[in-house]
Amino acid sequence: MLTALTMFVVQFMSPNSLYAQENPSLSDAEVAHIAVVANQIDIYYAAIAKDKSKNKDVLQFAETMANDHTAVMAQAKELVTKLGVTPKDNAVSQKLLSDAEKTRISLKSLPAAKFDKAYIDNEVGYHKAVIAAVRDLLIPETENQELKELLEGVLSALDIHLEHALMVQKKLS
Amino acid sequence: MRIDVLKKYSLLYCLFCLLAIGSCNTTQESDLPKEETEVPVVTGPKRVKVYIKQMKYQPAVIEVNKGDVIVFINKDIVVHDVTEEATKAWTSGPIQINDTWTMVAKESVNFYCSIHVVMKGKIIVK
């Protein structure tokens, strides 16, 4: 899933890619939809972790992910309502959701002993991919200044989440 | 005639004020040890603002005097807290978005956000 998202961003950024030729830009409505979906996916992952893990650090991390991404989604929804923008489904959102579903099934099927490492490894990769997508794709594509500022705030949060995930990953290894 | 009366009352008023001031100073001086009365300027505790935004305490290193008041203002997009790092001796509890939390600086201490454990800061009491 992570590779897919990263590849998607790379493809989008490449001037020779098919996607770049056919879809040169994302609208703010599409950017908003991707932002909401990306947050929702990490909330799903956190819910699985809270259900399956017994590790204190993993549970604390999952709690932070659930709360932060819920807060960001609420602000994104508030902003698009204020701006009169209706988030619009698009190829990036669909790809994110279909890949996340595979990851979700895989995480749920893992035995408890293997779950913590798999969850944190996925969080490290997911945050790396989403950081690249927000920084290199969503922020440059966003027209509205307020939406751009919210995404820049989200980028800071994602950086700290990644640092936090790496710390937990190190403790687990 | 009326001007003379006014002048007389003005003089009496000024004399009364001078006596009153002299009386206050005398009382203060006699109540305090000599060395304290020689301190020329007495300053109260300062209020120092620390903004929490973009997942950072800004500033992260806070230099204050003992008794100064530190006000943490959450201007970020998520909830944060301020917690003593070594033993979790004290914590602000969750500081909601746009809320503030105030503490009095007593000693130098390292603190962190127990929600985002990699966010750290330091209070240095001079």
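If you take the residues of region B:88-126 that are within 23 Å of A:Ala62 (Cα to Cα) and among the polar types (S, T, N, Q), which of them is farthest from the other protein chains (Cβ to nearest Cβ)?
For region B:88-126, the residue satisfying everything is B:Ser92.
Right, A:Ala38: farther than 27 Å from A:Glu149 by Cβ, among the small types (Gly, Ala, Ser) and not in a loop (DSSP other than H, G, I, E, B) or not?
Against the criterion (farther than 27 Å from A:Glu149 by Cβ, among the small types (Gly, Ala, Ser) and not in a loop (DSSP other than H, G, I, E, B)), A:Ala38 does not qualify.
Determine which member of the set B:Val79, B:Val50, B:Val61 is open to solvent by less than 60 Å² (accessible area, probe 1.4 Å), under 19 Å from B:Ile124 (Cα atoms) and at pLDDT 95 or above.
So the residue among B:Val79, B:Val50, B:Val61 that is open to solvent by less than 60 Å² (accessible area, probe 1.4 Å), under 19 Å from B:Ile124 (Cα atoms) and at pLDDT 95 or above is B:Val50.
Could you please give the count of residues in region B:104-126 that are buried (at least 16 other Cβ atoms within 10 Å of the Cβ) and closer than 20 Å to B:Asp68 by Cα?
Selection size over region B:104-126: 7.
Go through (1) within 14 Å of another protein chain (Cβ to nearest Cβ); (2) touching a helix residue (DSSP H, G or I) at 6+ places or on another chain (Cβ under 6 Å); (3) in contact (Cβ under 8 Å) with a residue 60 or more places away in the chain and name the single condition A:Ile48 misses.
(1)
Using the structure shown, decide if A:Arg104 is open to solvent by 60 Å² or more (accessible area, probe 1.4 Å) and under 24 Å from B:Lys75 (Cα atoms).
Working: open to solvent by 60 Å² or more (accessible area, probe 1.4 Å): yes; under 24 Å from B:Lys75 (Cα atoms): no.
Answer is no for this residue.
The values are calculated or read from the model by the stated rules, or taken from the named source; none is laboratory data. Computed from a predicted structure; not experimentally measured. Cβ: placed from backbone, ideal geometry, glycine included. Neighbour counts: every protein chain shown. When the accessible area is computed, the model is the full protein with side chains, heavy atoms only, and any ligands, DNA or RNA have been set aside. Shrake-Rupley method; radii C 1.70, N 1.55, O 1.52, S 1.80 Å.
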